[in-house]
Each structure stands twice: as C-alpha cells, then as structure tokens.
Amino acid sequence: MKINPRSPLALVIGLLLFSAIYWLLPISGQIAYIPPANDNQVQSWPQINIEEEQDGSLIFWVQDVTPWTHVRLEMGTAESTLVDHGEQNDAGVWQWRWRVLRPDEGAAVVLYHSCEMGCQTWATTQTAVRTPNPPREPQIPTKLGVVFANPDRDWHGRQGWTVEVTYAQLADDFYWGIDDLARRVQLAKANGLRTLVRVEYDQGQSIPPPDDFAALDSYLTYLRRLARDDRLAEVHGFIIGSNINTNGANAQAPDNPVTPAWYARVFNGYAADPDNHNNAIETIRSENKQVRVLVGPINPWNTDQDGSIPFQIDLPWLNYMNTMVHFINEGVVAKTAVGFSDTAPDGFAIQAFGRVNALAPDQRAQEPLLDIYLPEWGEGQAGFRVYEEWLAIINSYPYTMGKPAYINAANTSDSRTGEQPAENYPVGWLTNAVQAINAEPQIAALCWFIDSFPHDDQWQLFSLSQPRGLLLDAAAEFDLLLGVE
C-alpha cells in the first residue's frame, strides 16, 4: 500500500519519526545514561581512600597493583608522614598509608613514585569539591626579580623572576634538598613567577673539581634527577654552578680549582670524546628538552684565577669568562661535527653589582647609568655596567652570540670596601638599574640578591622582605617599580 506523502497518516508518521530522532540526539543539558558497574570492568589504580581523624588530620590509604618505591604524598604546605611503607594484602595488592597534619582546606593531593631518580606523578585527587578560583588576570612580564622570593610577596600583577639554589651533595637535606626546592618552585608558580634554579655540587664547591669523575657522576646524577622530577617541570632554567673563578667556590679542592676548560668539560663535554655524553647539558636534555640550561656566572672583579685567552680588556675575571666561553663554543663545534647539534647553552647567568661609593653623594643613585672606572682596572667597568662586558664576551662566539643573559645577582654591595646594601643603598638606584636593563633586549632578568632567607640570618643586610637600615628605601622602591613599571 502506498501512502500519500500529503495524507494525514503520512504527517503523523513523520512527526513520530522526528520526535524519536530528536530525543535520541545528544542535546546539551540532557542526562546521560551511564551503565552500572559490573565485575567484568577493569579497576583503575591506584585506589585512594581518605579518613578524617578527631584531631583534624587526614589518613590516606593508597592501594596499587604495582609495588612502587620511594613514594611521596604532597598536599599544599601540609606535613605528611608515610606510616605504612607498602605491604601486600591477601589479594596481592600493595598498600600505603599517610598521615597529613594540618591539611590545607581544598588543597590538591598529589602522589609521586620513584622519587630517588626524580619524582614521577602517580595520581592526583581532592579531599573535597573545590570552589573554582576566579580566573587570574593576565600577568604583565617584568625583568625585575629576586633571589629566594618571599612566597607572601605581592607582585602587583607582574610576572617576575625568582632564583633558587640547590646542592647535589645535600639532595635530601632540609631546605637545600630537592623536596624543599620543589615546594618553593611550586609556590613561585602559584604566584606567577618564572624560576631559575642554580645547581651547585656542594657548599664551598660549586661544581666538581677537575678530573674528579666520581664527583662529576654524582653531580650529573643529581642534574638528571632534577630534570625528570615532575614537580620541577616548569622551571625556566637550570644554572650550572656559580662564582667558579673564586677560591670560595673551590674550597674543597683549593689546590685543584675549576679551570675554564674543566667548566666547559662539565657543561657540554669540551675536549672529551664527542660520543661521551656525561656532561650537564646532554644529561638535562635527555630528560627534559624544554628547560633551559644556562652557563653559571663569573664573579666580577675577582683575581683568584685568570684565563689563557685574554679578552680585549685584559683583566682576570674577563679573561676567565672569555676563555670559558671560547671552550664552550669549541665543545659545540666538536659535537656538531659528529651529529650532536643541541649542546649550545640556552643563555648565561651573570652578576652586576653597583659601585655607588665611587661617586659623589648626589650621583650615587645614577650609578647604573654611568661608566665607573678605577685606576687599577683601567678600561674595565668597575660597577653595575660590567654587564656590558659580559655581553661583549657572549656575543664574540658563533654558538653563544645573542643568547639571553639573566642577571641572577645584583645589589649595591661593594667588594672593595665591604659595605652592604643596608649601609649604602641610595634611593633611586634600583629604578635606574631597571631603566638600564629595560634598554638591553638581550638581558631577560634583573634579580636583587636577596628577598627572603628564613634558613639563617647571614643575609640580613641584603634582604628586601626584612629590610634593615637603608634597605627600607630599596624595599619601598622595589614595590613601587612593580606597581608602575
């Protein structure tokens, strides 16, 4: 029987078909059908259960079919203790138990495993439904930053910089070790900051002494651990050592100080077999190709060591830097010749301190904008503008030319007189330093040394967060610059 498409029956059938199709469409706002769980479904791991104690602490029970080791639970800034260290139950499932004291309300809980080699994310969960945070206003980048940023600092909507420090030989120690480092990095990220991490071998020994290959292995092992740790995945860059031309950074081997050639060997394998990849940049790149690897800073005006390849201004600290960069460049050339093309540095950390005592009182604040010379150093910059000479050296070699520089330490401490910022800071100095650096596109950051150092009191006359003496002016100026720069 044929149905006339214009007949009433055809219209009724058409409406019924349209209605059926409409209700089957995945229209927004409709309730989705979720089939009930059954015994054939695959259970996901790990399983996490949370209990609240009478004292407000939380107990986390974690089960997994994989016997992970070196596990860790983090919940904001709360203190967590691993009570049960991974035992099998009768069903063959591994179990762990943590107690968390004074938990942060609504904080995310993150589990990690394999932390002896660099923590890998295991699982994340919430203790309760979180109220979504309002979207953060886009932050305005600034070159201004600090060493050891105070987590409570107001950055006035600016995306600034912070510099952190860690030691390979203190990897599991309080404050200097990797876990406290990770916590500070995460706090900096929450504040919208970009983080540079300076990696030293040990206190008093910036990088391993020349030809100490056991120490080198230990240092590279720690670099690998840092590079693969998920908690440090968003670090902007790792700085390899610091002040390597000074006796103070070679205190564990005073008769065997780090030479420019050895630094280049540690950094990118200079003078070693090109097929030998035991160097800092290749070690880090093998685990994290996104993080930048930066050459460590040379201490200006220090005469403890010289370099064999003189700079055009023949002074020990400039010769050392020039020789070191020459060897790093040669290391890239050798690696490139055999097909390894990613061993050039991503940038350089440099230091630039003011020399305000060399000027008349009414000119001291202008020091960052002036060329400062001293008779004993001839044409070498004796003040803040030493950064010009660092840049000139960096730009002298094909594989380092144009690479960004990060001033990872700046203030008005005077190496000749011993005066510290709390004693000699002139109002306006930091404003003029920012003006000078903003005019230098190759310089990415200007970090005041230091902001906050609760670990001990040795830097009281440098701190912006606990200012003393003339640092009250510097602290006020820093906040003003964040607000108006």
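The values are calculated or read from the model by the stated rules, or taken from the named source; none is laboratory data. Computed from a prediction, not measured in an experiment: that's the story for all the values here. A quick note on method: Cβ atoms are made from the backbone with ideal geometry, for glycine too, and the neighbour counts reach across all protein chains shown. Quick note on the areas: whole protein, heavy atoms, side chains included, nothing else; ligands and nucleic acids left out. Shrake-Rupley method; radii C 1.70, N 1.55, O 1.52, S 1.80 Å.
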Give, in nm to one decimal, the length gained when the segment between ASP152 and LEU369 is fully stretched (0.36 nm per residue of separation minus the Cα-Cα distance). 75.0 nm
Rounded to the nearest 0.05, FRET efficiency between ASP104 and ALA392 (Cβ-Cβ, R0 51 Å) equals 0.55
Taking the C-alpha atoms of the stretch 148-269, convex hull volume expressed per residue in Å³: 107
Nearest-0.05 FRET efficiency for HIS70 and ALA251 at R0 = 51 Å, using Cβ-Cβ distance, is 0.95
Where does the stretch 180-226 land on Rg/Rh, using Cα atoms and the Kirkwood Rh? 1.11
Given H placed on each backbone N at 1.01 Å, which residues far from ARG292 in sequence or on other chains put an amide H within less than 5 Å of it? GLY237, PHE238
HN-Hα J in Hz across the stretch 343-358 - Karplus 6.51, -1.76, 1.60, θ = phi - 60°, x for Gly and Pro: 10, 7, x, 7, x, 9, 8, 9, 10, 8, 10, x, 10, 5, 6, 7
Search the structure for amide H atoms under 5 Å from the amide H of THR77, placed 1.01 Å from N in the peptide plane, and list their residues when 5 or more places away or on another chain. ASP104
Peptides ranked, highest mean first, by Cβ atoms within 10 Å: ranges 334-341, 310-317: 310-317, 334-341
Applying the Karplus parametrisation 6.51 cos²θ - 1.76 cosθ + 1.60 with θ = phi - 60° to the phi angles of the stretch 330-341, what ³J(HN,Hα) value in whole Hz is obtained for each residue in order, glycine and proline being reported as x? 5, x, 5, 4, 5, 5, 4, 4, 10, x, 9, 10
Rounded, prolate or oblate (a/c below 1.5 giving rounded, otherwise prolate when a/b exceeds b/c) for the stretch 80-238 by Cα gyration tensor: oblate
I'd like the antiparallel share, as a percent to the nearest 5, of DSSP beta bridges with both residues in the chain. 50
Of the heavy-atom accessible surface of the chain (probe 1.4 angstrom), what whole percent is carbon and sulfur? 52
With a cut-off of 8 Å between alpha carbons and a minimum separation of six or more residues, what is the relative contact order of the stretch 131-207 in percent? 30
Please work out the FRET efficiency for the pair GLN169 and ALA439, using the Cβ-Cβ distance as r and a Förster radius of 41 Å; give the result to the nearest 0.05. 0.50
Once phi is turned into θ = phi - 60°, what whole-Hz ³J(HN,Hα) does the Karplus curve with 6.51, -1.76 and 1.60 give for every residue of the stretch 398-409, x standing for Gly and Pro? x, 8, 10, 4, x, 5, x, 10, 10, 6, 8, 7
Summing +1 per Lys or Arg and -1 per Asp or Glu among the other residues with Cβ less than 10 Å from GLY86's Cβ gives -2
Once amide H atoms are built 1.01 Å from N in the peptide plane, which residues 5 or more positions from VAL146, or in another chain, come under 5 Å H to H? TRP161, THR162, VAL163, TRP448
Under unit Cβ charges (Lys, Arg +1; Asp, Glu -1), what dipole magnitude, rounded to 20 debye, does the chain have relative to its Cα centre? 2140
Could you work out the relative contact order of the chain? I mean the mean sequence separation of Cα pairs under 8 Å and 6+ apart, divided by the number of residues, in percent. 10
P(r) histogram, all alpha-carbon pairs of the chain included - 10 Å bins from 0, percent: 4, 17, 24, 21, 14, 8, 5, 3, 2, 1, 0, 0
Could you give the length gained by full extension between GLN460 and GLU234, i.e. 0.36 nm per residue of separation minus their alpha carbon distance, to one decimal place? 78.4 nm
If the rule is a partner Cβ under 4.7 Å, which cysteines in the chain fail it? CYS447
Taking +1 at the Cβ of each Lys and Arg and -1 at the Cβ of each Asp and Glu, which of ILE313, PRO260, PRO345 sits farthest along the dipole of the chain towards its positive end, judged by Cα position relative to the Cα centre? PRO345
Relative to the longest principal Cα axis of the chain, at what angle does helix 178-190 sit, 0 to 90 degrees, rounded to 10? 80
Accessible area per residue in Å² at 1.4 Å probe, computed on the chain: 48
Net length gained if the chain between ASP90 and ALA190 were fully extended (0.36 nm per residue, minus Cα distance): 31.8 nm
Counting Lys and Arg as +1 and Asp and Glu as -1 over every other residue whose Cβ sits under 11 Å from the Cβ of ASP179, the net charge comes to -1
